Amino acid sequence: MEYNNKKFFDETSKFYNSMINSEAAVERKIKLFTKLKIKGLVTADLGCGSGVDSIGLSTLGNEVDAFDPSPKMIGLAEKSSVEKRLDIHFHNFAIEDIPKQFNEKYSFVCSLGNTIANISPNNLLPAFQRIKDILKLEGRALIHILNFDLILSKKERIINITENSEISFVRFYDFFDDHIVFNILKFVKENPKEHELISTKLYPHTFATIFTMLNEVNFSGLEFYSNFNFEIFDITRSKDLIISLTR
């Protein structure tokens, strides 16, 4: 079966903010970026989605360029930024396709929300290289991906179940030899037969793969954590992998 990642996120944009509770998510990101002292910098949000991280960065007085391959996600993010009277610049590019005009521009780059799991193995090294290229000397990057070593060892299909006043959302995996299919089942609570299922392919990049490629790109600083409290990463237990990079 063929999966179109851009089409998946274009479709998801119709309900994404209600599924994740975007207002609460923005508040969490403001607290995170405040903790990291990301204020008054030139920044980039890679795989911006509905704009949660971009809005958090901009609220703190950072200049923000936001990149995403999904035009409809960018439209959703842009709408939110206009409503909040924030000046965020949106660009319709995947990480590996960011033009050279952005090279050495940013003091801080983030790519959160498991974005790099949407990048194919062939494009992962070019994506890491672009992240390095767009950073200023001694600029920092913060990347989040799920710990797929743990996910692949457990093979638990249900990720989570959330709901709002009218709609329930079930997020779950299908496991295959060389990839994972990520599914969102959306249905009306009072009439579950009124439902929609959308799916896309994810690439479960392991810690070994990520470590090898990042070393090949040759960042001057490279650290791995299990969460945003920056506790030590444990490949057998950590739910998330947080990567801190310095050019």
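The values are calculated or read from the model by the stated rules, or taken from the named source; none is laboratory data. Model, not experiment: these values are computed from the prediction. Methodologically, a virtual Cβ is constructed for each residue, glycine included, from the backbone with ideal geometry; neighbour enumeration extends over all protein chains shown.
Of the residues screened, Leu152 is not one that is more than 17 Å from the chain's Cα centre (by Cα) and buried (at least 18 other Cβ atoms within 10 Å of the Cβ).
Residues in the range 83-131 that are crowded, with 20+ Cβ neighbours inside 10 Å and out of contact with any strand residue (DSSP E or B) (no Cβ under 8 Å at 6 or more places or on another chain): 5 in all. Under the condition of being buried (at least 16 other Cβ atoms within 10 Å of the Cβ), hydrophobic (A, V, I, L, M, F, W, C) and farther than 30 Å from Ala208 by Cβ, the residues counted in the range 155-190 number 5. State whether one or more residues within the range 8-15 are modelled with pLDDT of 95 or more, out of contact with any strand residue (DSSP E or B) (no Cβ under 6 Å at 6 or more places or on another chain) and not in a strand (DSSP E or B). The answer is no; no qualifying residue exists. Considering each residue of the range 79-96 in turn, at least one proves to be among the charged types (D, E, K, R), over 27 Å from Phe219 (Cα atoms) and either touching a residue at least 24 places away in the same chain (Cβ under 8 Å) or in contact with a Lys or Arg (Cβ under 8 Å, 6 or more places away or on another chain) (or both).
The set of residues from the range 32-73 being part of a strand (DSSP E or B), without any contact (Cβ under 8 Å) to a residue 60 or more places away in the chain and either outside the structural domain of Ile119 (by TED's automatic domain parsing) or surrounded by fewer than 18 Cβ atoms within 10 Å (Cβ to Cβ) (or both) comprises just one member, Glu63.
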